[in-house]
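The values are calculated or read from the model by the stated rules, or taken from the named source; none is laboratory data. Owing to the predicted nature of the structure, the values given are computational and were not obtained by experimental measurement. Cβ atoms come from the backbone with ideal geometry, glycine included; neighbour counts cover every protein chain shown. Remember, those area values only see protein heavy atoms, side chains included, never the ligands or the DNA or RNA. Shrake-Rupley method; radii C 1.70, N 1.55, O 1.52, S 1.80 Å.
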Amino acid sequence: ELKVEQNPLFLSMQEGKNYTIYCNYSTTSDRLYWYRQDPGKSLESLFVLLSNGAVKQEGRLMASLDTKARLSTLHITAAVHDLSATYFCAVDGINAGNMLTFGGGTRLMVKP
Amino acid sequence: KAGVTQTPRYLIKTRGQQVTLSCSPISGHRSVSWYQQTPGQGLQFLFEYFSETQRNKGNFPGRFSGRQFSNSRSEMNVSTLELGDSALYLCASTATDYTDTQYFGPGTRLTVL
């Protein structure tokens, strides 16, 4: 059974600081996705990582994938308040079709 | 392109009742997946439909069912509602490119009293 673990579950940081969210998964995967969820809202797609060593960047967020370690990271650079949200990673297991297994989410609060 | 739409957005039901939720995918997307989100269990996969056929099913009781129509619109049904069914139900449609990215609708917030 595929398991996905994120840490930390909660992250409070000051504006301007850097931090990394980690996502570990237990079995070989086809793809790894990162989503953002604002309170009371739906999930917004951020990144899809398709192969070992893949790196994607958008603004202050950068995601990477190490398939050998079964690890993805979401790095936040010089955080701003607008990045406050819950971030989820999700894994699409081999031969699992479009069945995503989600991590527990990381609630990020960026304080001015 | 219009996004994924879900109706209704909010629903209040009592135990024992049944409920039907609707989802319209992004135009051209043929795969629709359903997820349940609760504070305790997080995001859990319910089922996926592709071309009117259920392709994958998560670990939920038979009270949870779904279907897909020829225009790719999907419905999910929950019968004999229990208090624990209170959740945000999210529908996602899958991109037809190589990424298979799932795009989520706004969700239906179901409260069971």
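Remarks
- Residues of type aspartates and glutamates that B:Lys13 reaches as a straight line, Cα spacing below 15 Å, ignoring anything fewer than 8 places off in the same chain: B:Glu82, B:Asp85
- Pairwise centroid distance, computed over Cα atoms, of the stretch A:62-89 with the stretch B:68-93, Å: 30 Å
- Bridgeable aspartates and glutamates around A:Lys41 (alpha carbons under 16 Å apart, same-chain partners fewer than 8 residues away excluded): A:Asp82.
- Peptide A:42-49 shows a mean partner chain C-beta count of 5 within 10 Å per residue C-beta.
- Convex hull volume of the Cα atoms of chain B, normalised per residue: 95 Å³.
- Kirkwood hydrodynamic radius (C-alpha pairs) into Stokes-Einstein, the stretch B:25-87, 20 °C and 1.002 mPa s, D in µm²/s: 173 µm²/s
- Converting phi to 3J(HN,Hα) with the Karplus coefficients 6.51, -1.76 and 1.60 and the offset θ = phi - 60°, the stretch A:96-112 yields 9, x, 9, 8, 8, 9, 9, x, x, x, 10, 8, 9, 10, 9, 9, x Hz in sequence order, with x at every glycine or proline.
- Within the protein assembly as shown, the proportion of C-alpha pairs whose separation exceeds 22 Å stands at 51%.
- Relative to its residue count, the stretch A:50-92 spans a Cα convex hull of 79 Å³ per residue.
- Chain A: proportion of alpha-carbon pairs further apart than 25 angstrom, %: 16 percent
- Heavy-atom accessible surface of chain B, averaged per residue, reaches 48 Å², computed with a 1.4 Å probe.
- HN-Hα J in Hz across the stretch B:56-70 - Karplus 6.51, -1.76, 1.60, θ = phi - 60°, x for Gly and Pro: 9, 9, x, 8, 10, x, x, 5, 9, 9, x, 7, 9, 9, 5
- Within the full protein context, the accessible area of B:Lys57 is estimated at about 90 Å² for a probe radius of 1.4 Å.
- Distances between placed amide hydrogens fall under 5 Å for B:Arg55 paired with B:Glu48, B:Tyr49, B:Phe50, all partners being 5 or more residues away or on another chain.
- Distance between the 7 Å Cα→Cβ label points at B:Asn59 and B:Thr80: 2.1 nm.
- The protein assembly as shown - share of DSSP beta bridges that are antiparallel (%, nearest 5): 90 percent
- Across the stretch B:3-16, rounded Karplus estimates of 3J(HN,Hα) from the backbone phi angles (6.51 cos²θ - 1.76 cosθ + 1.60, θ = phi - 60°) give x, 6, 10, 9, 9, x, 7, 9, 8, 10, 10, 10, 3, x Hz, Gly and Pro being marked x.
- Dipole magnitude for the protein assembly as shown: about 300 debye, using +1 per Lys or Arg Cβ and -1 per Asp or Glu Cβ, origin at the Cα centre.
- Cα→Cβ-extended label distance, 7 Å offset, between A:Leu50 and B:Thr111, nm: 4.4 nm
- Protein accessible area in the protein assembly as shown, 1.4 Å probe - carbon and sulfur %: 49 percent
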